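Note sheet for the following structure.
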Amino acid sequence: MAFIGKALRPLRAGTKKLAILEPAFADAPRLDVRSEAFSDGGPMASSFAGSEGVSPPLRWTGVPPSTKSIAIVVQDVDVPLPAPLVHVVAYGIGPETGQLPAAALPRAGSKTPVAQIALGRGVAGEAYAPPTPIPGHGPHRYVFQVFALDFAPTFAAAPDEKQLVEAMRGHVTACGSVTGTHEAT
């Protein structure tokens, strides 16, 4: 399988289609987003990757007082596809929390409901997909994007990343991101 990853190494989605780079969000103040599990741009521990990986802890500061909810989108910008792969779409998080603990976002097949977090559709459906890059493809960057919103979005059905971004236009009070990396060996 590593030979496929090596053959695909030049192919990368890139950062141009990240949710946080939506032109409507360009003037939004910046949140300070961090993780105790990795430094920005640094490697993520194996406990946060692979089929058994859990979502890493996240913290954010700088939330404006007008914020009513928080949304999170995680994207792999190094996947060999035309656009970044969406690992989770989460919204409806209370603005007062300022954090998500490790394993707060459920993986596919989890029977544990998540209080106060609504999940949209990503690559694993309505769940968190841990980083699992193609062996041999090299390191992948996983961008954890946090959005402070002046409303609490609701949807008739679980939204995908594009639907959430569309709903957030004109409502982002601040946003920020932190990037972790992982490489399959």
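Numbers for the structure displayed
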{"item": "Scope the stretch 26-66; condition buried (at least 21 other Cβ atoms within 10 Å of the Cβ) and among the hydroxyl-bearing types (Ser, Thr, Tyr); matching residues", "result": "Ser35, Ser55"}
{"item": "Residue in the stretch 42-52 that is farther than 24 Å from Leu149 by Cα and in contact with a Lys or Arg (Cβ under 9 Å, 6 or more places away or on another chain) present", "result": "yes"}
{"item": "Of the criteria (1) surrounded by fewer than 21 Cβ atoms within 10 Å (Cβ to Cβ); (2) of a type outside the set (A, V, I, L, M); (3) under 19 Å from Met44 (Cα atoms), which one Tyr128 fails", "result": "(1)"}
{"item": "Every residue from the stretch 86-98 that is within 22 Å of Arg141 (Cβ to Cβ) and either surrounded by fewer than 21 Cβ atoms within 10 Å (Cβ to Cβ) or in contact (Cβ under 8 Å) with a residue 40 or more places away in the chain (or both)", "result": "Val86, His87, Val88, Val89"}
{"item": "Residue in the stretch 12-29 that is part of a loop (DSSP other than H, G, I, E, B), touching a Cys at 6+ places or on another chain (Cβ under 8 Å) and among the aliphatic types (A, V, I, L, M) present", "result": "yes"}
{"item": "Unique match (being out of contact with any helix residue (DSSP H, G or I) (no Cβ under 9 Å at 6 or more places or on another chain), at pLDDT 95 or above, under 17 Å from Gly180 (Cβ atoms) and part of a loop (DSSP other than H, G, I, E, B)) among Val79, Val74", "result": "Val79"}
{"item": "The stretch 137-167, subset more than 20 Å from Arg12 (Cβ to Cβ) and surrounded by 20 or more Cβ atoms within 10 Å (Cβ to Cβ), residue nearest to the chain's Cα centre (by Cα)", "result": "Val146"}
{"item": "Single residue of the stretch 67-85 satisfying the filter (within 21 Å of His137 (Cβ to Cβ) and surrounded by 19 or more Cβ atoms within 10 Å (Cβ to Cβ)) that is nearest to the chain's Cα centre (by Cα)", "result": "Val74"}
{"item": "Residue match in the stretch 109-120 (condition: touching a Pro at 6+ places or on another chain (Cβ under 9 Å) and in a strand (DSSP E or B))", "result": "yes"}
{"item": "Residue list for the stretch 35-66, restricted to those being among the hydroxyl-bearing types (Ser, Thr, Tyr), more than 25 Å from Gly170 (Cβ to Cβ), at pLDDT 95 or above and over 13 Å from the mean Cα position of the chain (by Cα)", "result": "Ser39"}
{"item": "Members of the stretch 142-185 found to be modelled with pLDDT of 95 or more, in a loop (DSSP other than H, G, I, E, B) and of a type in the set (Ser, Thr, Tyr), listed by number", "result": "Thr154"}
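The values are calculated or read from the model by the stated rules, or taken from the named source; none is laboratory data. None of these values were measured; they are calculated from a predicted model. Counting neighbours? That spans all protein chains shown, and the Cβs are built from the backbone with ideal geometry, glycine included.
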